[in-house]
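Here's the structure, in C-alpha cells; my notes come after.
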Amino acid sequence: MKRILLTLLLTAVAACGTGPQSGVRYAATPEILPGATDLEAYLPLLEGKRVSILSNQTGLVAHDRHVLDTLLSLGVNVVSIFSPEHGFRGTADAGELVGSSVDGPTGVPIRSLYDGKGGVPSDEAVSEFDVLLFDLQDVGCRFYTYNVTMGKMMGVCAKLGKKMIVLDRPNPIGFYVDGPILDMKYKSGVGWWPIPVCHGMTLGELAQMINGEGWLPDGARCDLTVIKCRNYTHQSRYVLPVKPSPNIPDMRSVYLYPSLCYFEATPVSLGRGTDSAFQMYGHPNMKGYKFSFTPRSIEGAKNPPQLDKECWGVDLRTEPSDEAVNAAGINLEYVIDAYRNLNLDDHFFRSFFELLIGRDYVRKMIKEGASADEIKARWADDVAAFKEQRKPYLLYEE
C-alpha cells in the first residue's frame, strides 16, 4: 500500500505547477522541481525515525499537497511541527507573536518559533524528534527571517545531536548578489550571518555555508543533508507557486523587496495594508506626486504604517519592468527620493535601518547627498569577495 501511495504521489508531483493556487497571483514553473518533490531521495532517511517538520504554507510537494499531509499518508511518524514567522498557515503579521497550537486537520502539535522566546525550541521539544525536516520558501534576502530560523535550528540540532534535512527550494532572485556584507555589530533577527543583503543562494546552499564557515555557536557542525532542487540553476527565473508571506503577494513584490524593505525603518509606507505591498511607497506629507494610496487594516497587516491615511508617492506596480528591476538589483533611489522629499533629516531614519542594510555608512551617504550608484560602488568589494567565499557551497550552476 505504501508503494502504491508513493507512486500516486510521484505522479501528482510530475504534474506539479500546472496552474496557480486559487486567489494567488502566481503563474507556475513546472520544469523546476523543489527538493520536497524528490520523495525517493529523503523518505529512506525518515524510515523508523521520529520526524519533526519546520514548514509553513510554502511546503508543497505538489500544487495542492503539503509535505506534512504527504508524509502522514506514507506512514511517516511526524511527531511535531515547528512554525516560523507568520505561523504555519502564513497569515500572521510581520513580527507578530504566534502561540503554539495543534494543526486541526492532522492533530499534530505545532511548536511556534515566533513566540517571543528567542526563536529556538526547548530541549524538551527537541528531544521529541530524531530528524528535523526543514521546508520553507525563501525570497533571497538577508533580512527575510527564514534563513535565521534555519540557522538557529541547525545550532539546536548540532547541540543535541539531531539530524537536519533541508528540502531545498529555488531562490527567486538567485541570479544576482548585491548589497553590503552585514557588519556583525548589527546582528539581529533580520540579519544573523555575515552575508550581503541579496546573497544569491538557496537555503540549502546557505545551510552548507553556515556549517562550512563555522558560523554556528562554538564552531559546531550540524548533521546536515540537503535534498537538491531539480532543473534549477542560478540563472533560472523561478515563479513561486504560493506567496511566501502575507505581504509578498506576487513576483512583482519579490523583485522589489530588496529595494523597498528599508522603508520599514522610516515613516514612509511601502504599501502594507493594500493588495500590492512592496510595490509602492508614499507618505501623507510627500509633495509633488499624483499617485496616492490609503493603507487599511487587513489580514497580515492589521496595523500598517500610516493606517487609514492617504499617502502620496510612487506607484511601482507596473513600471519599471521586471527585467529592469532585476537588472538594477538593490536600488536605493526610492529611499533617497523619499528622504529628500520629506526633508526630515534624522527624523526620517530609525535605528532599524542599519539592521536592515547592515552598515552605518549608507545612512551617512544618503544624508550627505550621495547617489544610489555611489553608495552601491561602496559595497562592490563586498559582493566580489562573497561570490568567491560562497563558491565551495554552491549546489547549482551559476
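Please treat every number below as a calculation from the coordinates, not as lab data. Computed from a predicted model, the values in this text were never measured in an experiment. Note: ideal-geometry Cβ built from the backbone for every residue, glycine included; neighbour counts use all protein chains shown.
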Worksheet item: Binned at 10 Å from 0, what are the whole-percent values of the Cα-Cα distance distribution for region 251-382, short to long?
Response: 12, 44, 36, 7, 0
Item to complete: Taking semi-axes √(5λ) of the Cα gyration tensor in Å as the quantity of interest, determine which of (1) 39, 28, 20; (2) 34, 30, 22; (3) 35, 23, 20 was computed from the displayed structure.
Response: (3)
Worksheet, complete the sentence: Of the candidates 184, 195, 247, the farthest towards the positive dipole end of the chain (Lys/Arg Cβ +1, Asp/Glu Cβ -1, centred on the Cα centre) is 247
Practice prompt. Assign unit charges at the C-beta atoms only (+1 for Lys and Arg, -1 for Asp and Glu), then state the dipole size of the chain relative to its Cα centre in Debye, rounded to the nearest 20.
Written response: 340
Discussion item. With the crude spin-label approximation of a point 7 Å out along Cα→Cβ, what separation in nm comes out for residue 299 versus residue 218?
Written reply: 4.4
Fill in: Sparse-neighbourhood loop sites, GluC sites (Glu not before Pro) in region 304-391 - DSSP loop, at most 13 other Cβ within 10 angstrom
310, 368
Worksheet, complete the sentence: Rounded to the nearest 500, the 222 nm mean residue ellipticity computed for the chain from DSSP H runs (n ≥ 4, each -39500 (n - 2.57)) alone is -8000 deg cm²/dmol
Worksheet item: Within the chain, what percent of beta bridges assigned by DSSP are antiparallel, to the nearest 5?
Response: 40
Worksheet entry | Quotient of C-alpha Rg and 2.2 N^0.38 Å, computed over region 175-321 | 1.25
Worksheet item: Once the dipole of the chain is set up with Lys and Arg at +1 and Asp and Glu at -1 on Cβ about the Cα centre, which of 389, 171, 234 lies farthest towards its positive end?
Response: 171
Worksheet item: What is the magnitude of the charge dipole of region 178-289 about its Cα centre, with +1 placed on the Cβ of each Lys and Arg, -1 on the Cβ of each Asp and Glu, and no other charges, expressed in debye to the nearest 20?
Response: 280
Discussion item. Just want the ordering: 234, 199, from fewest to most Cβ atoms lying within 10 Å of their own Cβ.
Written reply: 234, 199
Fill in: Cα centroid separation - region 208-234 against region 327-398, whole Å
26
Worksheet item: How many angstrom separate the Cα center of region 66-88 from the Cα center of region 119-168?
Response: 14
